[in-house]
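Participant: Let me give you the structure first, and then I'll get to my questions.
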Amino acid sequence: MDRDFLTDLFSDFGAVTIRPMFSGFGISADGINFALSLRAGLYFRADEATIPQFEAEGSKPFQYQTRARTVTVNSYWQLPARLFDDTEELGQWARAALAAAQRAALRKGPKQRKVAKKTTAAAAGKKRKPAKR
């Protein structure tokens, strides 16, 4: 899936931001990532409120393989293939995925910014002396 295809796919949902992520794209709205396009699959953010909808469609959570095991990411579920032909219903699923991502962001709380450490001289307000030659 390329950017143009994804932009068209989300036309009924509204404006999305598509950024390169891993081997595909991250899809966000209002600064919140709610979908991933990876390995020719489209995965939407899900939580306890939306997972039953994915399960009813026979969808599976995102998985990837490491050298030692298979990792399952239960917060992203594969979009049912039938929705690729119905952008209106896909838009409804996308709104539900965005809502799930927003709920997850609220549970996490606000991001804290890291404060850069000051050098000892700068912290003490001292100027550096030029090196002697």
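Participant: In a shell of Cβ-Cβ distance under 15 Å around GLY26, excluding GLY26 itself, what net charge do Lys and Arg (+1) and Asp and Glu (-1) give? Could you put the intermediate results ahead of the total?
Facilitator: Details: positive: ARG3, ARG19, ARG39, ARG45; negative: ASP2, ASP30.
Cβ neighbours under 15 Å give a net charge of +2.
Participant: Oh, and also: To the nearest 20 debye, what is the magnitude of the charge dipole of the stretch 1-72 about its Cα centre, counting +1 on the Cβ of each Lys and Arg and -1 on the Cβ of each Asp and Glu? Provide the component values of the computation, followed by the final result.
Facilitator: On the way: 7 positive and 9 negative charges, 108 e Å.
Taking the Cα centre of the stretch 1-72 as origin, the dipole is about 520 debye.
Participant: Where the accessible area of the stretch 1-95 is counted over protein heavy atoms with a 1.4 Å probe, how much of it, in %, is carbon and sulfur?
Facilitator: Numbers: 2580 of 5500 Å².
The C+S portion of the solvent-accessible surface of the stretch 1-95 is 47 percent.
Participant: To the nearest 20 Debye, how big is the dipole of the stretch 27-115 about its Cα centre, given +1 on the beta carbon of each Lys and Arg and -1 on that of each Asp and Glu? Please report the intermediate quantities before stating the final value.
Facilitator: Numbers: 13 positive and 9 negative charges, 173 e Å.
Approximately 820 debye in magnitude.
Participant: Grab the other residues whose beta carbon is less than 11 angstrom from that of THR17, score K and R as +1, D and E as -1, and report the net.
Facilitator: Numbers: positive: ARG3, ARG19; negative: ASP30.
The answer is +1.
Participant: List the chymotrypsin sites (Phe, Trp or Tyr not before Pro) within the stretch 57-93 that fall in a DSSP loop (any state other than H, G, I, E or B) and whose Cβ has at most 14 other Cβ atoms within 10 Å. Don't skip to the end; give the middle numbers.
Facilitator: Numbers: sites: PHE62, TYR64, TYR76, TRP77, PHE84, TRP93; in loops: none.
Passing both the DSSP loop test and the Cβ count: no residue.
Participant: Over the stretch 1-67, average the accessible area per residue using a 1.4 Å probe and give it in Å², no decimals. It would help to have the intermediate numbers written out before the result.
Facilitator: Working: 3940 Å² over 67 residues.
Per residue, the stretch 1-67 has 59 Å² of solvent-accessible surface.
Participant: In the stretch 1-86, which GluC sites (Glu not before Pro) are in a loop and have at most 13 other Cβ atoms within 10 Å, using DSSP for the loop call?
Facilitator: Numbers: sites: GLU48, GLU55, GLU57; in loops: GLU48, GLU57.
Sparse-neighbourhood loop GluC sites (Glu not before Pro): GLU48.
The values are calculated or read from the model by the stated rules, or taken from the named source; none is laboratory data. Being a predicted model, the structure only gives us computed values, none of them experimental. Here the Cβ is made from the backbone with ideal geometry for all residues, glycine too, and neighbour counts use every protein chain on show. Just the protein is used for accessible areas: all its heavy atoms, side chains included, with ligands, DNA and RNA removed. Shrake-Rupley method; radii C 1.70, N 1.55, O 1.52, S 1.80 Å.
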